[in-house]
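*Asks:* Structure incoming, see below.
Coordinate-derived values only; no laboratory data. In this text, all values refer to a predicted model and were calculated from it rather than measured experimentally. Glycine also receives a Cβ, built like all others from the backbone with ideal geometry; neighbour counts cover every protein chain displayed.
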Amino acid sequence: MKKRILSAIMIGAMCTGLLSGCGGGKAASTGDSSAGNNTAAADENTLTVWCWDPAFNINAMKEAEKVYQADHPDFKLNIVETPWADIQTKLSTAGAAGDLSTLPDIFLMQDNAFAKNQISFPDAFTNLTETKAFDFTQFAPGKLAYSTINNINYGVPFDNGTVIAAYRTDILEQAGYKIDDLTDIDWDKYIEIGKDVLAKTGKPLLSCQANEADIIMIMLQSTGASLFDAEGNPNIIGNETLKKALETYKELKESGVMVLVNDWDQYITTMNAETVAGTINGCWIMGSIRAAKDQSGKWAITNLPKLAGIGEQSNYSNNGGSSWAVSGASKKKDLAVDFLAKTFAGSTKLYDSILPSGALATWLPAGNTEAYSEKVEFFGGQEVYKLLTDFASKTPKNNTGVYYYEARDAVAVAATNIIAGADVDSELKTVQDTVNFAMSK
Amino acid sequence: MIKLRTALKYIFLIIVSLISVFPLYWMAVSATHTSIEVIRGALLPGNYLFKNFANLLAASDVSGAMTNSFKYSIVMTVLALFICSLAGYGFEIYHDKAKDAIMSVLLLAMMVPFVAIMIPLFQTFSKWGLLNTTLGFLLPTISTPFLIMLFRQSARSFPHDILEAARLDGLNEFHIFLRIFIPTMKSTYASAAIITFMGAWNSYLWPKVIMTEKTSITMPMLVANLKEGYVTDYGILMLAVLLCSIPTVIIFFLLQKQFAEGITGAVK
């Protein structure tokens, strides 16, 4: 009998332990609660913020805190360093579980994921249009569109993902070209010059990650086209712009003007180790380019080639970038809104102070200050910041929608297949099918 | 001829070992270089280790993350070992059909991926007020079907004669477990300890979801933070990875002998 009782206790102990994992027993009360229970600091003047880059957006938040403290001495920020992928996981988990109390007062959101998250978890976002605290006309329209859903603003645009084409002027010179020869050109001209540079110096003009669709999406947005129509339906089969972009991509690869690498680290290596003569990406790539200090003065920046004969045919596009969102569950919404309105949407001083970290304003009044006219030695004395603010104001809008990432990934797969010899039209059909499948259509 | 074959074997093994060890070597060497030197493929030790260390300490709360990681991993290992060994012992020694059925259900639970139960788990923990608590961190993995199975398998080789002898000598059931089973099963405990400690040390997804305070950061979270920015400092990143690997390496080497025995199921 004794044996049986003991056996029952032992199995019971095990079950308590196990069930606690599946949501059963509160009985197991070991451990402590040292971390406390609330995420937002209890203090009424403190806002909790999630963002991810100490040198960049965390630094910007710290500077914004200082700016706001000038008028509100008791104000404080509790900045929790949280990688973007983790913000997405936490938001998805909290949103799906229906408990948004773990969210901070303000969080940073990648622009490409903004619409997806707002539509999936509407309660997690505060309607900023309604607050009337912001003048959204002062932001670059192409940038603002990412966080505007059904004509309502849910985000305060932050960093600029304006696309730049950066070139090694010394390598171009060896091949007999100047930066002006690569300004305001189209992709055909780019490939023509690229072939010449390759023949004379042995260096391709461009490197890209093989499994990513960045460059194709950059081309697409430069024409004002998207993978979705205004209603959010896939617009892939018969999308002439996408077809042309994919064909250009193939030509870039086949001509040797573009070299494909396997991952992000290798991509950075091609620039830092001088195996390519340039790159095309969001302007935030300047930080990685500048890491190679011995290349100072050898780089210059201009706009990207346009996709000739299609759409808006602009030399401007966007890749990446992020916007601030105020949590719908925040208990200090008014403070959070006022803070953002007086800093990221209202302080040229803030933007001047974060400029050295490479955080370029999409708030247009910031671009008129003296700091933006600074000549940057690394880029041969160009007025880089002014140039970028100008590029940003000319960038066409991009329609992302809920299934943007799924579509983008499908395009990346198609691009790989097309390079391997697949037919463009049949690949477009596959992309459309993949997106339809993801959308359960 | 035999000498030649042995030599060939050794050459082959040396090459394979070098390939296995190279990533670790590269990690250690990279921690001593600037980011740009790492990018450009430095293969010999550099002299930037202390500067990287200073930069890492300035950028991140390394001591806090180390303390948290140790705290969570040690508590987790001790509790998991006790609970799972007790369960495994119970399943095998007091063996009957009903318990076999429960064991099968447990084994089925091994097939359910963690992400599938994460959202209901989060919901439950949020209702119980366990978000941002050590208990919330530990509970889901404190008892795992795998560990219970491991202990059950090794309890199978535990001689029943000893059990009977102990009972005749007047030891009660719990004392038999404590004084006879645990000391006999040292090697199984060692391998279970290594597996649990490594799992707890490296766990990322659940802690990340449930712990939102910056004071509760662990080493894997710290490493992930370093990789996130637009510009990555590879020297600092490699140093952080190195620091993060050291405790598990030490524990593995300390318990290596018992680990091998535990895996092969030896009982002395």
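*Asks:* Among B:Tyr25, B:Phe91, B:Val112, flag the residue with its Cα farthest along the positive direction of the charge dipole of the protein assembly as shown, charges on Cβ as +1 for Lys/Arg and -1 for Asp/Glu.
*Replies:* Of the candidates, B:Phe91 comes out farthest on the positive side.
*Asks:* Could you list, in their original order, any pairs among A:Lys90/A:Lys116; A:Lys243/A:Lys306; A:Lys116/A:Lys394; A:Lys116/A:Lys143; A:Lys244/A:Lys306 whose Cα atoms are separated by more than 20 Å?
*Replies:* Check vs 20 Å cut-off fails for A:Lys116/A:Lys394.
*Asks:* What's the angle, to the nearest 10 degrees (0 to 90), between helix A:84-97's Cα axis and the longest principal axis of chain A?
*Replies:* 40
*Asks:* Could you put B:His160, B:His95 in order, starting from the residue whose Cβ has the fewest other Cβ atoms within 10 Å?
*Replies:* B:His160, B:His95
*Asks:* May I ask for the distance between the Cα centers of segment B:1-41 and segment B:71-132, given as a whole number of Å?
*Replies:* 40
*Asks:* Rounded, prolate or oblate: which fits chain B when a ≥ b ≥ c are the square roots of the eigenvalues of the alpha-carbon gyration tensor, with rounded for a/c under 1.5 and prolate only if a/b beats b/c?
*Replies:* oblate
*Asks:* Return the long-range amide H neighbours of A:Ser322 (sequence gap of 5 or more, or a different chain), with a cut-off of under 5 Å between placed amide H atoms.
*Replies:* Under 5 Å from the amide H of A:Ser322: A:Asp111, A:Phe158, A:Asp159.
*Asks:* So, in Å, what gap is there between the alpha-carbon centers of segment B:141-157 and segment A:50-84?
*Replies:* If you average the Cα positions of each part, the centres end up 47 Å apart.
*Asks:* Here's a follow-up. Charges at C-beta only: +1 for Lys and Arg, -1 for Asp and Glu. How large is the resulting dipole of segment B:113-268 about its Cα centre, in Debye rounded to 20?
*Replies:* 60
*Asks:* Across segment A:281-288, in residue order, what do the Karplus-derived ³J(HN,Hα) couplings come to in whole Hz, using 6.51 cos²θ - 1.76 cosθ + 1.60 with θ = phi - 60° and x for Gly and Pro?
*Replies:* Using θ = phi - 60°, the values come out as 6, x, 5, 5, 5, 4, x, 6 Hz.
*Asks:* Also, quick follow-up: Calculate how steeply helix A:240-254 sits against the longest principal axis of the alpha-carbon atoms of chain A, using the helix alpha-carbon long axis, and give the answer as 0 to 90 degrees to the nearest 10.
*Replies:* For A:240-254 against chain A, the angle is about 70 degrees.
*Asks:* What aspartates and glutamates does A:Lys178 reach when the alpha-carbon gap must be under 14 Å and sequence neighbours fewer than 8 apart in one chain are set aside?
*Replies:* A:Asp170, A:Asp196
*Asks:* Scanning chain B for helices, which whole DSSP H stretches are 27 Å or more long along the axis (Cα) and average 0.0 or more by Kyte-Doolittle?
*Replies:* Span-like helices in chain B: B:2-30, B:62-93, B:234-254.
*Asks:* Now, a different point. Below 29 Å, Cα to Cα, which lysines can B:Lys99 reach? Residues fewer than 8 away in the same chain don't count.
*Replies:* Hits, sequence-local ones excluded: A:Lys2, A:Lys3, A:Lys26, B:Lys186, B:Lys268.
*Asks:* What are the trypsin sites (Lys or Arg not before Pro) within segment A:278-343 that DSSP puts in a loop, where the Cβ has at most 13 other Cβ atoms within 10 Å?
*Replies:* A:Lys331
*Asks:* Also, I was wondering about something else. Please name whichever of B:Val16, B:Ala58, B:Leu254 sits farthest to the positive end of the charge dipole of chain B, dipole taken about the Cα centre and charges placed at Cβ: Lys and Arg +1, Asp and Glu -1.
*Replies:* Highest projection toward the positive end goes to B:Val16.
*Asks:* Now a separate question. Hey, got the dipole for chain A? About the Cα centre, +1 on K and R Cβ, -1 on D and E Cβ, debye to the nearest 20?
*Replies:* 1220
*Asks:* Additional query: At a threshold of 8 angstrom on Cα-Cα distance, excluding pairs fewer than six apart, so keeping six or more, what relative contact order does segment A:43-87 reach in percent?
*Replies:* 55
*Asks:* Contact order normalised by length for segment B:17-87, with contacts defined as Cα pairs under 8 Å and 6 or more residues apart; what percent is it?
*Replies:* Relative contact order for segment B:17-87 comes out at 21 percent.
*Asks:* Considering just Cα atoms, how many Å³ per residue does the convex hull of chain A enclose?
*Replies:* In chain A, the Cα hull volume divided by residue count equals 188 Å³.
*Asks:* Calculate how steeply helix A:424-438 sits against the longest principal axis of the alpha-carbon atoms of chain A, using the helix alpha-carbon long axis, and give the answer as 0 to 90 degrees to the nearest 10.
*Replies:* Roughly 20 degrees between the two axes.
*Asks:* Another one. In whole Hz and in residue order, list the ³J(HN,Hα) couplings for segment A:123-139 that follow from phi through the Karplus curve 6.51 cos²θ - 1.76 cosθ + 1.60, θ = phi - 60°; x for Gly and Pro.
*Replies:* Residue by residue, segment A:123-139 yields 6, 7, 10, 8, 6, 8, 4, 4, 6, 6, 8, 10, 9, 6, 5, 7, 9 Hz.
*Asks:* Taking each pair of distinct Cα atoms in segment A:269-345 once, what is the resulting Kirkwood hydrodynamic radius in Å?
*Replies:* After inverting the pairwise mean of 1/r, the radius is 16.5 Å.
*Asks:* Toward the positive end of the charge dipole of the protein assembly as shown, about the Cα centre and with charges on Cβ (Lys, Arg +1; Asp, Glu -1), which of B:Ile210, A:Tyr190, A:Ala415 goes farthest?
*Replies:* Of B:Ile210, A:Tyr190, A:Ala415, it is B:Ile210.
*Asks:* So, with +1 on the Cβ of K and R and -1 on the Cβ of D and E, and no other charges, what is the size of the charge dipole of chain B about its Cα centre, to the nearest 20 debye?
*Replies:* Dipole size: approximately 520 debye.
*Asks:* Under the rule a/c < 1.5 gives rounded, and otherwise a/b versus b/c splits prolate from oblate, where does segment A:284-429 land using the Cα gyration tensor?
*Replies:* Because a/c hits 1.5 or more and a/b fails to exceed b/c, segment A:284-429 counts as oblate.
*Asks:* Then there is this: Using only alpha carbon pairs under 8 Å that are at least six residues apart, calculate the relative contact order of chain A and give it in whole percent.
*Replies:* For chain A, the relative contact order is 24 percent.
*Asks:* So, one more: Using the Cβ atoms and a cut-off under 11 Å, what net charge is assigned to the surroundings of A:Gly238, where Lys and Arg are +1 and Asp and Glu are -1?
*Replies:* 0
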